[in-house]
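Peer 1: My structure is below; once you've seen it, I'll send some questions.
The values are calculated or read from the model by the stated rules, or taken from the named source; none is laboratory data. What you are looking at is a predicted structure, and each value in this text was computed from that prediction instead of being measured. Here the Cβ is made from the backbone with ideal geometry for all residues, glycine too, and neighbour counts use every protein chain on show.
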Amino acid sequence: MADLAPFYRQVQSHYDLSDEFYALFLDPSMTYSCAYFAHDDMTLEQAQQAKIDLALGKLDLRPGMTLLDIGCGWGATMLRAVHEYGVRVVGLTLSANQYEHVRGLIEKYDIPGAEVRLQGWEEYDGTPDRIVSIGAFEHFRKERYAEFFARCHRMLPADGRVLLHTIIGNTLADLRARNIPVTRADALFHIFIKREIFPGGQLPQPGTITRMAETAGFHTARIQSLQPHYARTLDHWAEALVAHHDEAVAMTSEEVYARYLKYLTGSAHYFRTGHLDVMQFTLVK
């Protein structure tokens, strides 16, 4: 499976809409994943930093190591790892906008320990000491999970670790077993997300991740759910988008604004009802 081509087009259709548009509702670090409200009075920016620290703190990072950040977004985790842990970081993204943004940050702040690549994990051939991936696994596709975990295991040293942070989907059987109803409206929202927000995206089940990771040789040291934290994160994003309605429409269109508001408010609802979850998996070689 050495010739796997990353899904550039599908990823760029979402993330390359406009950096300025995303900046209207994300926190200043442009972190586009579930925050962690470790304390109830945290701002969104503080909670995003807390999430990054939560993830990095599970990796047993030591100065001089190389950290691979798969799906590095706009670079917040990379920069935090360099500054707080003294590690070298290689960030991978399929988004041209994110690549240019992170490259600009590295040049602006003269960060020799950070490198960003417009590249998928399928194309990476380095040997990092640790791997972090926050909010990217949803784009990998189920048919590639086995290859992903096998490559991670192969490239890491004997004491290697992976921190995988991903949204979790539930099967109809799982939802029924937990007495969570599934209506036609729920099914239509799922179709809306797949067609209009994240084309090609797929949500894994926890058992699939642990089973395939363990088949590749990893031990699952910890699983931590952040479910209520994502509902709260999405509330922050939706409120900020509403507050910047006129700017958002001027940058894109009324249709794009409405589509994103439906996505943010609807997703918050499904995290609250238990249809969706988000988890951090600590995988140890």
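Peer 1: Take Phe21 and tell me if it is among the aromatic types (Phe, Trp, Tyr), under 22 Å from Leu234 (Cβ atoms), surrounded by fewer than 21 Cβ atoms within 10 Å (Cβ to Cβ) and in contact (Cβ under 8 Å) with a residue 60 or more places away in the chain. Before the answer, list the steps.
Peer 2: Working: among the aromatic types (Phe, Trp, Tyr): yes; under 22 Å from Leu234 (Cβ atoms): yes; surrounded by fewer than 21 Cβ atoms within 10 Å (Cβ to Cβ): yes; in contact (Cβ under 8 Å) with a residue 60 or more places away in the chain: yes.
Here the answer is yes, as Phe21 does meet what is asked.
Peer 1: Same structure again: Please state which one of Val90, Val82, Val116 is of a type in the set (Val, Ile, Thr), under 28 Å from His244 (Cβ atoms) and in contact with a strand residue (DSSP E or B) (Cβ under 9 Å, 6 or more places away or on another chain). Steps first, please.
Peer 2: Values: Val90 fails: under 28 Å from His244 (Cβ atoms); Val82 fails: under 28 Å from His244 (Cβ atoms).
Answer to the check: Val116.
Peer 1: Which number in (1) touching a helix residue (DSSP H, G or I) at 6+ places or on another chain (Cβ under 6 Å); (2) aliphatic (A, V, I, L, M); (3) modelled with pLDDT of 95 or more; (4) closer than 20 Å to Asp277 by Cβ marks the one condition that Ile197 misses?
Peer 2: Of everything listed in (1) touching a helix residue (DSSP H, G or I) at 6+ places or on another chain (Cβ under 6 Å); (2) aliphatic (A, V, I, L, M); (3) modelled with pLDDT of 95 or more; (4) closer than 20 Å to Asp277 by Cβ, Ile197 misses just condition (3).
Peer 1: Being modelled with pLDDT of 95 or more and not polar (S, T, N, Q) narrows it down to one residue among His245, His190; which is it? Show your work before the answer.
Peer 2: On the way: His190 fails: modelled with pLDDT of 95 or more.
Selected residue: His245, the only one of His245, His190 that is modelled with pLDDT of 95 or more and not polar (S, T, N, Q).
Peer 1: For the stretch 32-42, does any single residue satisfy the condition of being free of Cβ contacts under 8 Å to residues at least 60 places away in the same chain, under 16 Å from Ile134 (Cβ atoms), within 15 Å of the chain's Cα centre (by Cα) and assigned to a loop (DSSP other than H, G, I, E, B)?
Peer 2: Taking the stretch 32-42 and keeping what is free of Cβ contacts under 8 Å to residues at least 60 places away in the same chain, we get 38-42.
In the following step, the residues that additionally are under 16 Å from Ile134 (Cβ atoms) were identified as none.
No, that holds for no residue.
Peer 1: All but one of (1) farther than 27 Å from Gly126 by Cβ; (2) crowded, with 16+ Cβ neighbours inside 10 Å hold for Ala38; which doesn't?
Peer 2: With respect to (1) farther than 27 Å from Gly126 by Cβ; (2) crowded, with 16+ Cβ neighbours inside 10 Å, Ala38 is out only on (2).
Peer 1: Could I ask something else about it? Got a sec? Which of Ser13, Ser29 is touching a helix residue (DSSP H, G or I) at 6+ places or on another chain (Cβ under 7 Å), at negative phi and either in a loop (DSSP other than H, G, I, E, B) or in contact (Cβ under 8 Å) with a residue 40 or more places away in the chain (or both)? Before you say what the answer is, go through the steps one by one.
Peer 2: Numbers: Ser13 fails: touching a helix residue (DSSP H, G or I) at 6+ places or on another chain (Cβ under 7 Å).
None of the others qualify; the one that does is Ser29.
Peer 1: Still on this structure, I have one more. Going through Ala146, Ala158, Ala173, Ala177 one at a time, which residue ends up being surrounded by fewer than 17 Cβ atoms within 10 Å (Cβ to Cβ) and closer than 19 Å to Ala221 by Cβ?
Peer 2: Just a single option satisfies the conditions, and that option is Ala158.
Peer 1: Sticking with this one: Just give me the residues in the stretch 16-26 being of a type in the set (Phe, Trp, Tyr), within 18 Å of the chain's Cα centre (by Cα) and outside any loop (DSSP other than H, G, I, E, B), in sequence order.
Peer 2: Narrowing the stretch 16-26 to residues of a type in the set (Phe, Trp, Tyr): 21-22, 25.
Okay, now just the ones that are also within 18 Å of the chain's Cα centre (by Cα), so 22, 25.
Tyr22 - this is the single residue of the stretch 16-26 that is of a type in the set (Phe, Trp, Tyr), within 18 Å of the chain's Cα centre (by Cα) and outside any loop (DSSP other than H, G, I, E, B).
Peer 1: Here is a follow-up. I need a count of the residues in the stretch 202-223 that are surrounded by fewer than 18 Cβ atoms within 10 Å (Cβ to Cβ) and in contact (Cβ under 8 Å) with a residue 60 or more places away in the chain. Outline the logic, then answer.
Peer 2: Quick first cut of the stretch 202-223, residues surrounded by fewer than 18 Cβ atoms within 10 Å (Cβ to Cβ) only: 202, 205, 207-208, 210-211, 214-215, 217, 219-223.
Retained after the next criterion (residues that are in contact (Cβ under 8 Å) with a residue 60 or more places away in the chain): 202, 208, 210, 215, 217, 219-222.
Residues in the stretch 202-223 being surrounded by fewer than 18 Cβ atoms within 10 Å (Cβ to Cβ) and in contact (Cβ under 8 Å) with a residue 60 or more places away in the chain: 9 in total.
Peer 1: Same structure, new question: Of all residues in the stretch 118-144, which are touching a Ser or Thr at 6+ places or on another chain (Cβ under 7 Å) and either within 25 Å of Gln12 (Cβ to Cβ) or of a type outside the set (D, E, K, R) (or both)? Before the answer, list the steps.
Peer 2: The initial filter retains those residues of the stretch 118-144 that are touching a Ser or Thr at 6+ places or on another chain (Cβ under 7 Å), namely 118, 128-129, 132, 134-135, 137-138.
Correct list: Leu118, Pro128, Val132, Ile134, Gly135, Phe137, Glu138.
Peer 1: What's the number of the only condition in (1) at pLDDT below 95; (2) buried (at least 18 other Cβ atoms within 10 Å of the Cβ) that Asp110 fails to meet?
Peer 2: (2)
Peer 1: Select from the stretch 180-201 the residues that are of a type in the set (D, E, K, R) and in contact (Cβ under 8 Å) with a residue 12 or more places away in the chain and write down the one among them that is surrounded by the fewest Cβ atoms within 10 Å (Cβ to Cβ).
Peer 2: Glu196
Peer 1: Let me ask something else about it. Determine if the stretch 224-236 includes at least one residue that is surrounded by fewer than 14 Cβ atoms within 10 Å (Cβ to Cβ) and closer than 21 Å to Phe140 by Cβ.
Peer 2: Looking for residues that are surrounded by fewer than 14 Cβ atoms within 10 Å (Cβ to Cβ) and closer than 21 Å to Phe140 by Cβ, one finds at least one in the stretch 224-236, hence yes.
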